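The values are calculated or read from the model by the stated rules, or taken from the named source; none is laboratory data. Here the structure is a predicted model, which is why all the values come from computation and not from measurement. Cβ placement follows ideal geometry from the backbone for every residue including glycine, while neighbour counts extend to all protein chains displayed.
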Amino acid sequence: MTDTGANQSDVILSARGLTKRFAGFVAVNGVDLDIRRGSIHALIGPNGAGKTTCFNLLTKFLQPSAGTITLNGHDITRQSAADIARRGLVRSFQISAVFPQLTVLENVRIALQRRRGDSFDFWRSQKVLSAFDDEAAARVNEVGLSPHLHEPAGELSYGRKRALEIATTLALEPEMLLLDEPMAGMAQADVALISALIRKISANRTILMVEHNLSVVADLSDHITVLARGQVLAQGTYDQVSSDERVVEAYIGAGHA
């Protein structure tokens, strides 16, 4: 089921007939998907629905068995994750990945060095590397971590570590950010922190997120795609999909409230 109301000029990421087979098992089966530019789009579904596989296909950590993926009208179906990152599509992961012994500033600075693509940057003097500090500090400020700029990342709360991870992805200057279960394992206070951050950074970016927390999905998402058994079950606003009897049955049948 495709969102045929989407004007293609407004679509940043699109999939047609996206399929992934594993040794005879079809994890994703003929998915059509349009992500509108400037939107927050959620990919949801019960356990085993194919969300993670679909996400990995879109971010090129897996290659599809069939189908096509386009980014800004360019076919990226066979491109690598590194290739599409250079095109402005960057992802995060379920598990926060920071360098615990380095400061918040140094973590973001490493991302800036990676964007330059010069491995020799890592062996340069502190004086040379300090040229990245102003931009790194700006990214830290964007995610609300300025008071922790010189603290070791390992001492941050879990929610602030996730905020730091988002800051490092922002350092890559993404046009589109893909978040894999950004609220996983968080206390309610941290959920509120990261929700507010996602809303803030979406002001001039497109966001696609896989998320289990339906209250977060309801609060943040402009558009939702529901997967079940590897196929698109429903698409639309939260009000539209939450009132769809097929969606209710899929979640209840999977033990979800």
Query raised in the report: among the hydrophobic types (A, V, I, L, M, F, W, C), more than 26 Å from His150 (Cα to Cα) and either assigned to a helix (DSSP H, G or I) or within 13 Å of the chain's Cα centre (by Cα) (or both), is that true of Val226?
Result: no
Requested in this report: Run Ser202 past the list (1) surrounded by fewer than 20 Cβ atoms within 10 Å (Cβ to Cβ); (2) within 14 Å of Pro46 (Cβ to Cβ); (3) in contact with a strand residue (DSSP E or B) (Cβ under 6 Å, 6 or more places away or on another chain); (4) not charged (D, E, K, R) and report the number of the one that doesn't hold.
Outcome: (2)
Query raised in the report: In region 78-99, what count of residues is obtained for those that are surrounded by fewer than 17 Cβ atoms within 10 Å (Cβ to Cβ) and β-branched (Val, Ile, Thr)?
Result: 1
Report task. Kindly indicate whether any position in region 180-192 is part of a helix (DSSP H, G or I), under 15 Å from the mean Cα position of the chain (by Cα) and on the phi < 0 side of the Ramachandran plot. Result -> no
**Report entry** Hits in region 135-163 (condition: in a helix (DSSP H, G or I) and small (Gly, Ala, Ser))
**Finding:** Ala136, Ala137, Ala138, Ser146, Ala153, Gly154, Gly159, Ala163
Query raised in the report: Would a scan of region 114-126 turn up a residue that is at pLDDT 65 or above and polar (S, T, N, Q)?
Result: no
Query - Selection status of Pro64, part of a loop (DSSP other than H, G, I, E, B), in contact with a strand residue (DSSP E or B) (Cβ under 8 Å, 6 or more places away or on another chain) and more than 19 Å from Met176 (Cβ to Cβ) - result: no
Query raised in the report: Taking the condition surrounded by fewer than 21 Cβ atoms within 10 Å (Cβ to Cβ) and outside the structural domain of Leu112 (by TED's automatic domain parsing), does Leu164 pass?
Result: no
Query raised in the report: Before we move on, is Pro174 under 15 Å from the mean Cα position of the chain (by Cα), surrounded by fewer than 22 Cβ atoms within 10 Å (Cβ to Cβ), touching a residue at least 40 places away in the same chain (Cβ under 8 Å) and under 23 Å from Leu105 (Cβ atoms)?
Result: yes
Query - Residues (among the β-branched types (Val, Ile, Thr) and at pLDDT below 95) located in region 199-225 - result: Ile201, Val210, Val216, Val217
Query raised in the report: For region 200-220, which residues satisfy the criterion of being under 13 Å from the mean Cα position of the chain (by Cα) and among the charged types (D, E, K, R)?
Result: Arg205, Glu211
Report task. Hey, could you check region 44-61 for residues that are of a type outside the set (Gly, Ala, Ser) and outside any helix (DSSP H, G or I) and say which is surrounded by the most Cβ atoms within 10 Å (Cβ to Cβ)? Result -> Ile44
